[in-house]
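The values are calculated or read from the model by the stated rules, or taken from the named source; none is laboratory data. In this text, all values refer to a predicted model and were calculated from it rather than measured experimentally. In this analysis, Cβ positions are derived from the backbone assuming ideal geometry, glycine residues included, and neighbour counts consider all displayed protein chains.
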Amino acid sequence: MPALKEAGIKVIHKCTSVRHSLKAQSIGCDAVSVDGFECGGHPGEDDIPNFILLPRAADELEIPFVASGGMADARSLVAAMALGAEGINMGTRFIATQDAPVHQNVKDAIVNASELDTRLIMRSLTNTERVLNNHAVERLMEKEKALGDKLRFEDIVDEVAGVYPKIMHEGTMEVGAWSCGMVAGLVSDIPTVKDLIDSIMTEADSIINQRLSNF
């Protein structure tokens with residue numbers, strides 16, 4: 001961390017719990033991304049959703065934080081800021097944009113998915129990952145069920161190792177498991193990044209200055 005500071009680098013660390021966020025703060029991180037249970041990828045093992053996690057982080061932290069997990073639009077931004085965050089971190093939503101350097105099949109899969117279409121894998125390995133369901137994921141989960149606490153990474157390596165180039169670049173969607181957030185249920189189009197950001201900021205201003213001002 002001292003070397004990073006000396007080089008003028010700002011460090012934002014991903015955390016899935018308040019205790020980890022406080023640790024990041026104590027070692028000198030400039031900010032943290034607080035990731036709720038909804039997020040794609042690795043949500044930690046505490047299973048705390050953002051409506052609890054974000055205000056808890058706001059109560060405890062002195063450094064700024066951004067909200068991650070379930071963030072897709074102006075409503076996400078306004079809600080996250082109301083809960084104490086300085087902004088939002090979007091992963092799945094940004095994949096479904098025209099600018100994202102991934103195969104069109106990946107973008108279409110996100111648009112066509114609902115909030116019910118993700119699965120949690122590798123829980124017994126204490127390496128939980130939220131992924132979009134497909135045949136490979138179903139095959140992996142069958143192995144998890146059959147092997148129980150005897151499961152080893154080697155048992156599922158074909159479904160999780162080295163699959164991202166085939167999925168993200170070649171669009172071979174059934175070859176393995178890939179991270180995707182529950183927020184896919186809120187994604188219904190594939191805009192440019194500029195159009196997405198512009199619409200979020202415009203709609204957030206409308207929510208704050210029109211809808212909320214009536215309360």
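Evaluated against (1) on the phi < 0 side of the Ramachandran plot; (2) part of a loop (DSSP other than H, G, I, E, B); (3) crowded, with 18+ Cβ neighbours inside 10 Å, Ile9 falls short on exactly one condition, (3). Does Val157 meet the test of being farther than 16 Å from Gly91 by Cα and assigned to a helix (DSSP H, G or I)? Judged against the criteria, Val157 is a match. If you check Asn133, Asn105 for being under 19 Å from the mean Cα position of the chain (by Cα) and polar (S, T, N, Q), only one passes: Asn133. The set of residues in region 158-191 that are surrounded by 12 or more Cβ atoms within 10 Å (Cβ to Cβ) and either over 23 Å from Gln104 (Cα atoms) or of a type in the set (Ser, Thr, Tyr) (or both) comprises Asp158, Tyr164, Thr172, Ser179. Residue pairs whose Cβ atoms lie under 6 Å apart, sitting 6 or more positions apart in sequence or on different chains, and linking a residue in region 167-180 that is in a loop (DSSP other than H, G, I, E, B) to a partner that is among the charged types (D, E, K, R), are Thr172/Lys166; Val175/Lys166; Gly176/Glu159; Ala177/Glu159. Evaluated against (1) without any contact (Cβ under 8 Å) to a residue 40 or more places away in the chain; (2) within 23 Å of Val111 (Cβ to Cβ), Met71 falls short on exactly one condition, (1). Looking for something at pLDDT 95 or above, of a type in the set (Lys, Arg) and within 30 Å of Val175 (Cβ to Cβ) - is there at least one such residue anywhere in region 44-56? Checked region 44-56: no residue is at pLDDT 95 or above, of a type in the set (Lys, Arg) and within 30 Å of Val175 (Cβ to Cβ).
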